[in-house]
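The values are calculated or read from the model by the stated rules, or taken from the named source; none is laboratory data. Keep in mind the model is a prediction, meaning the values are calculated, not measured. Ideal geometry is used to build each Cβ from the backbone, glycine not excepted, and the neighbour counts take in all protein chains shown.
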Amino acid sequence: MQRSDGASAERMVYVGIGLVVALLLAGYLIYKIAVVVLVLLLTILFSVIISAPVDYLNQRGIGRGWGTFMVFGVLVLVLVIAGAALVPAIEDQATELVETFPALLENAQQIVLRLQSALGLEASFSLDPQRLLGSARSFLTGGTLTTVASVGASVATVLSFGVVVLIATVYTVAQPAPLVKGFVALFPAARRQRVREILGEMYGAVQRWFLGQLASMIIIGFLCTVALFIIGIPFALLLGILSGLVSFVPYVGPVISVLPPVLLALTVEPIDALWVILAYVIIQAVESNLIQPIVMSRAVSLHPAVVVYAVLIMGTLFGFVGVFLAVPLVAALHVLLRELWIERMDRMGTDPSPPEEESYEPKRRMRRLRRAARDLFRS
């Protein structure tokens with residue numbers, strides 16, 4: 001019996017070493033073909049997102065081909081309507097920001113000079129708005145032929161990858177069965193049903209993440225726009241939309257989103273910067289304790305440290321697009337790790353002193369909110 005246990009432990013050690021080596025080799029291959037992996041990940045993510053409404057239409061008797069066409073048509077219509085409603089206001093605020101930039105820059109310079117004087121610093125600080133605008137203009141319009149060709153090639157490459165992702169997404173959503181069947185066929189026949197179940201759980205986890213994240217971004221953008229408008233910060237709509245867009249980057253996005261309105265408030269009315277910080281703190285508190293438990297109550301719960309490192313690694317490998325892919329990828333890997341490894345380890349014995357569950361789980365928060373609402377209505 002002891003020999004059998006020793007052989008089993010030794011086998012697990014070899015399996016662990018093999019997994020580490022496989023992960024290192026996979027990481028090296030991903031690094032060498034990063035662009036191909038990025039296009040593949042984007043295709044998978046967009047396919048999973050678009051498949052949700054297509055699945056709904058398919059359950060109502062509409063074929064996947066027509067459902068895909070209808071969903072993409074609705075998306076284009078929504079984008080056109082949103083663009084017609086928001087683009088003029090955003091364009092006006094952006095134009096006004098460019099026109100008032102020299103005055104804002106001069107105010108910022110005066111604030112820095114007063115701080116230097118108050119702190120007794122002798123360092124000189126001088127910004128010439130016209131020189132900065134001239135440098136930016138020459139950078140944008142006066143580049144060499146090589147620079148223009150390089151930028152043109154980069155734009156063409158991005159557009160070509162975008163076309164590939166779009167076409168691959170359409171075909172994947174319209175006809176997913178052959179792809180899933182081909183992938184499942186790579187596994188032993190006795191385990192294929194389990195593979196389908198795991199793929200279904202990963203599919204649901206990414207869809208729930210997207211719906212929750214989209215709702216959170218819209219609510220944050222709206223609340224930030226209203227708060228900045230009430231405080232009296234100029235370009236409130238532009239800054240509010242920016243806050244909503246960057247909020248998809250967990251924990252890092254809120255820090256980035258607060259910087260532009262604070263800097264703008266310092267150049268207009270310094271006391272407003274405190275109100276901006278207070279408003280963003282309140283909005284983030286509402287988002288963390290109310291919005292997230294509601295919209296993410298059915299999504300995969302991920303530890304903040306895991307999310308931060310995932311964003312860092314994906315951003316390092318794939319740049320800005322990698323940051324966008326970090327959380328859904330980790331959510332899918334979380335399901336995969338739980339189903340293939342953790343549950344297997346749990347069946348190998350019993351933990352004599354298991355730790356208590358953490359109280360920050362969204363589901364636990366959601367239950368507390370529901371109980372508080374019931375108590376409030378009863379009273």
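Points worth noting:
- Here I271 meets each of (1) at pLDDT 85 or above; (2) surrounded by fewer than 17 Cβ atoms within 10 Å (Cβ to Cβ) with one exception, condition (1).
- Test: residue in the range 349-363 that is part of a helix (DSSP H, G or I), at pLDDT below 65 and surrounded by 12 or more Cβ atoms within 10 Å (Cβ to Cβ): yes
- Count of the range 54-91 residues, restricted to those that are within 30 Å of T225 (Cα to Cα), exposed (fewer than 14 other Cβ atoms within 10 Å of the Cβ) and of a type in the set (A, V, I, L, M, F, W, C), is 14.
- Of the residues in the range 215-224, at least one is surrounded by fewer than 18 Cβ atoms within 10 Å (Cβ to Cβ), at pLDDT 85 or above and within 30 Å of A285 (Cα to Cα).
- Test for V255: is it surrounded by fewer than 16 Cβ atoms within 10 Å (Cβ to Cβ) and out of contact with any strand residue (DSSP E or B) (no Cβ under 8 Å at 6 or more places or on another chain): yes
Residues are listed down the side, and each one gets a yes or a no for (1) without any contact (Cβ under 8 Å) to a residue 60 or more places away in the chain; (2) touching a helix residue (DSSP H, G or I) at 6+ places or on another chain (Cβ under 6 Å); (3) assigned to a helix (DSSP H, G or I):
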residue: L211; (1), (2), (3): no, no, yes
residue: L214; (1), (2), (3): yes, no, yes
residue: M217; (1), (2), (3): yes, yes, yes
residue: F222; (1), (2), (3): yes, no, yes
residue: I233; (1), (2), (3): yes, yes, no
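- Test result for V180, closer than 22 Å to P328 by Cα and modelled with pLDDT under 90: yes
- Within the range 14-27, residues that are touching a residue at least 12 places away in the same chain (Cβ under 8 Å) and within 18 Å of L333 (Cα to Cα) have Cβ atoms under 7 Å from residues that are surrounded by fewer than 10 Cβ atoms within 10 Å (Cβ to Cβ) and among the hydrophobic types (A, V, I, L, M, F, W, C) in no pair, counting only partners at least 6 apart in sequence or on another chain.
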